[in-house]
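Computed from the coordinates by the stated procedures, all read-outs in this text should not be read as laboratory data. Since the model is a prediction, treat every value here as computed from it, not as a measurement. In this analysis, Cβ positions are derived from the backbone assuming ideal geometry, glycine residues included, and neighbour counts consider all displayed protein chains.
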Amino acid sequence: MSELIRTFEQLEEKQALCTKCLEEKFAGNDNKRHIVLCGGTGCLSSHSAEIREKFVEVIKAEGLEDKVTVNQVGCFGFCSQGPFVKIYPEDTLYKMVTMEDVEEIVEKDLKNNEIVDRLLYVDPQTKQKVAKQDDIEFYKKQLRIALHGCGTIDPENIEEALGAGAFVGLAKALKMDRKAVIEEVLNSGLRGRGGAGFPTGRKWSFVPDVEGPKYLVCNGDEGDPGAFMDRSILEGNPFAVIEGMMIGGYAIGAQNGYFYVRAEYPIAVSRLRLAIKAMEEVGLLGDNILGTDFSFRVHIRLGAGAFVCGEETALLNSIEGKRGMPRPRPPFPAVKGLWGCPTCVNNVETLATVPYILREGADKFAAIGTEKSKGTKVFALGGKINNVGLVEVPMGTTLKELIYDVGGGIPNGKKFKAIQTGGPSGGCLTEANLDTPIDYDNLIAAGSMMGSGGAIVMDEDNCMVDVAKFYMEFICDESCGKCSPCRIGTKRMLEILTRITEGKGTRDDLTALQELANNVKTNSLCGLGQTAPNPILSTMASFMDEYIAHIDDKKCPAHVCKNLMIYVIDKDKCFGCQMCAKGCPADAIHHITPQYIAPGKKLPAMYIDTDKCVKCGACIATCKFGAISKQ
């Protein structure tokens, strides 16, 4: 699309045309079949781009170029089942597609209208095959607002974005008074999705109405382990985030917006750049947008991956070319932020939600969710869960619904143990919390927090002391070192946790750990240090018995901590095949002396020399008879 869009009327005309084209594509009224493939990072790493090229090649060879289109879209969300291929207008969804499946799909589905049955999703409960995305349980309780367009539109095509409602909210905002836009966002009840949950409209209202430069910054520095919400939104519909930034920029009187995105997200950055370029070419970014006095430009800065740069003042330092370290507050960024000018920092998901509020109205958004937490929340659901992926559910959805209805429960019949929400800043919630409605206040009351949306599920095989140690190792690596409580306190906490997992801990360590955690929480400069002890405090509150077992019994109940494990062979189950010995890297497995042959067996049983054993687990993986176990 090259023609300029200079007026509201031109935008409406273009939107109407693009909407019609998109509707015809989905309904099949254009007499074509349309193939879309997941283009999120996960599926691309599983050769989705190469599969697309294969489709193009085969379709050309079959002479179907005029009847079939092939396109790449954003993340479908159901990451454990990708790469996905969807065919319109039938809306047929194929999962875990490989290069070898392409010719069969073209031959059966595109040429003969025959569904490739073996590539359909199979419901684990009913064992029934499901052909349409909306009929899969994973999607039924979801509501896509921040993820609007992801998995549906081509994120590199501004016309498809326009057809999906892009810039309707911006046009409405530009016809309103700036303060009225802030009031609309306030009335919606939108709270910041980056973790703190501060009301977005109030944050915008703090930016003073003064002359001079102002900035709106999008925080795309997503650093929580296992989190990929912001990345997927930027990859799936960058136009929505830019539109949200422009609406916010108009509301606070800013003319420049900065995206701060970590360099480890090259696909997100590439699509963001393409979206900015496309908008500049048609006049939706630049001077006097849609014939108004509003001018706005967007810039991108890449982060080097420091977790602390997710804190807004450290992020601002990094944009300015300084070391990413938090600043003392006050002054707050709204008064003195980027280059000393009034600045508002919003998270990717927050800005992606803003266009919906302006497009559909504050009341419609406020009707979703709970009394104090409106709308939806995007979660990266991972860990010991059947349906790993990206989900967006209404606030108020319970943890049980998230884990068992959307997530499909725990694999291999294992027992649910805990879910860590909020990443390293959050805490572990247990079976007693499963009926807790998900919102900002309920999760805090339960001992965790919403955070940016990471949700890691753990089962009976997870050691909660080891989990706390994992998060503390992460925090120690990511601490900027500016304040002593965080720099020194987290290191001391890690040392105590390490002693406990090695079987060298004492009861006094538990007291010291509790005191240290409270001191670090109270005295750290920024949110990184203030929330760093949360995984320790929550696991001690709910799983103190595991800490005590490590200290008193010198045992790890989950058989995870290597120093507290012993590998043994049940001599009566052992067939003496020696496969375990052949696979042992430490030469720690030998025949029992004196030799013992179990009843019904023909060869002498084996045993493990615990002094030589390095506890790598190779023997357990090798044994076909279940004769080796951890104790």
Using the Cα centre of the range 32-134 as origin and beta-carbon charges of +1 (Lys, Arg) and -1 (Asp, Glu), tell me which of 43, 55, 106 is placed farthest towards the positive end of the dipole. 43
Enumerate the calculated ³J(HN,Hα) couplings along the range 227-240 in order (Karplus 6.51 cos²θ - 1.76 cosθ + 1.60, θ = phi - 60°), each rounded to whole Hz, writing x wherever the residue is Gly or Pro. 9, 8, 5, 4, 4, 5, 5, 5, 6, x, 7, x, 4, 5
For the range 197-256, the percent of all C-alpha pairs falling in each 10 Å bin, from 0 up to the bin holding the max distance, is 19, 43, 30, 7, 0
Between the range 221-278 and the range 193-217, how many Å separate their Cα centres? 17 Å
The chain - share of DSSP beta bridges that are antiparallel (%, nearest 5): 55 percent
The ³J(HN,Hα) series, computed from each phi in the range 389-404 with the Karplus coefficients 6.51, -1.76 and 1.60 at θ = phi - 60°, rounded to the nearest Hz and given as x for glycine or proline, is x, 9, 10, 10, 10, x, 4, x, 4, 7, 4, 4, 5, 4, 7, 9
How about the range 339-448: which trypsin sites (Lys or Arg not before Pro) there are in a DSSP loop, with at most 16 other Cβ atoms within 10 Å of their Cβ? 372, 414, 415
Relative to the Cα centre, what is the charge dipole magnitude of the chain, using +1 at the beta carbon of each Lys and Arg, -1 at the beta carbon of each Asp and Glu, and rounding to the nearest 20 debye? 1720 debye
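Only four residue types carry charge here, +1 at the Cβ of Lys and Arg and -1 at the Cβ of Asp and Glu. Report the dipole size of the range 464-553 about the Cα centre in Debye, rounded to the nearest 20. Spell out each step's value before the answer.
Working: 9 positive and 13 negative charges, 99 e Å.
My answer is approximately 480 debye.
What's the magnitude of the charge dipole for the range 376-459 around its Cα centre, counting Lys and Arg as +1 and Asp and Glu as -1 at the beta-carbon? Answer in Debye, nearest 20. Kindly include the intermediate steps, with their values, before the conclusion.
Details: 6 positive and 8 negative charges, 66 e Å.
Roughly 320 debye for the range 376-459.
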Alpha carbon centroid spacing (whole Å) that separates the range 546-584 from the range 121-173: 47 Å
Please list, in order along the range 168-180, the HN-Hα scalar couplings obtained from phi with the Karplus expression 6.51 cos²θ - 1.76 cosθ + 1.60 (θ = phi - 60°), rounded to whole Hz, x for Gly and Pro. 5, x, 4, 4, 5, 4, 5, 8, 9, 5, 4, 5, 5
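For the chain, compute the orientation-averaged projected area of the C-alpha convex hull (one quarter of its surface), in nm².
32.0 nm²
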Dipole-positive endmost among 186, 174, 237 within the range 158-366 (Cβ charges, Cα centre): 186
Taking N as the residue count of the range 163-264, its alpha carbon Rg divided by 2.2 N^0.38 Å gives 1.11
Restricting to aspartates and glutamates and to Cα separations under 14 Å from residue 384, and discarding same-chain partners fewer than 8 apart, the set is 459, 460, 461
Residues meeting the amide H criterion for residue 259 (H placed from the backbone, H to H distance under 5 Å, 5 or more places apart or on another chain) are 218, 299, 300, 301
Select from 443, 373, 547 the residue farthest towards the positive end of the dipole of the chain; place +1 on Cβ of Lys and Arg, -1 on Cβ of Asp and Glu, and compute about the Cα centre. 547
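When only Cα pairs under 8 Å and 6 or more residues apart are kept, what is the percent relative contact order across the range 412-536? Don't skip to the end; give the middle numbers.
Values: 186 pairs, mean separation 34.3, N = 125.
Reported as a whole number, the value is 27 percent.
Among the GluC sites (Glu not before Pro) in the range 435-499, which ones are in a DSSP loop with at most 13 other Cβ atoms within 10 Å of the Cβ? Mind listing them? Please report the intermediate quantities before stating the final value.
Values: sites: 460, 473, 478, 495; in loops: 460.
Answer in residue order: 460.
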Average Cα contact separation per residue, the range 172-321, under 8 Å, 6 or more apart, as relative contact order %: 24 percent
Peptides ranked, highest mean first, by Cβ atoms within 10 Å: ranges 301-307, 91-97: 91-97, 301-307
Packing-based order for 217-223, 335-341, using average beta carbon neighbours within 10 Å, highest first: 217-223, 335-341
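My understanding is that a pair violates if its Cα-Cα distance is over 22 Å; which of 417/573; 129/400; 469/555; 277/336; 25/111 do that in this structure? Kindly include the intermediate steps, with their values, before the conclusion.
Values: 417/573 30 Å; 129/400 25 Å; 469/555 16 Å; 277/336 30 Å; 25/111 18 Å.
Among 417/573; 129/400; 469/555; 277/336; 25/111, the Cα-Cα distance tops 22 Å for 417/573; 129/400; 277/336.
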Quick one: which residues, 5 or more positions from residue 608 or on another chain, have an amide H under 5 Å from its amide H? H modelled 1.01 Å from N in the peptide plane, none for Pro or chain starts. 569
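Under 4 °C and 1.567 mPa s, how fast does the range 392-503 diffuse according to Stokes-Einstein, given a Kirkwood radius computed over C-alpha pairs? Answer in µm²/s, whole number. All intermediate terms of the calculation are to be shown ahead of the outcome.
Working: Rh = 15.2 Å.
Estimated via Stokes-Einstein, D reaches 85 µm²/s.
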Loop-located GluC sites (Glu not before Pro) in the range 110-214, at most 14 other Cβ atoms within 10 Å (DSSP): 114, 211
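Remind me, relative contact order of the range 464-555 in percent, using alpha carbon pairs under 8 angstrom and six or more residues apart? Working shown, then result.
Numbers: 100 pairs, mean separation 33.4, N = 92.
Rounded, it is 36 percent for the range 464-555.
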Using amide H atoms built in the peptide plane, which far-off residues or other-chain residues are under 5 Å from residue 191 H to H? 200, 374
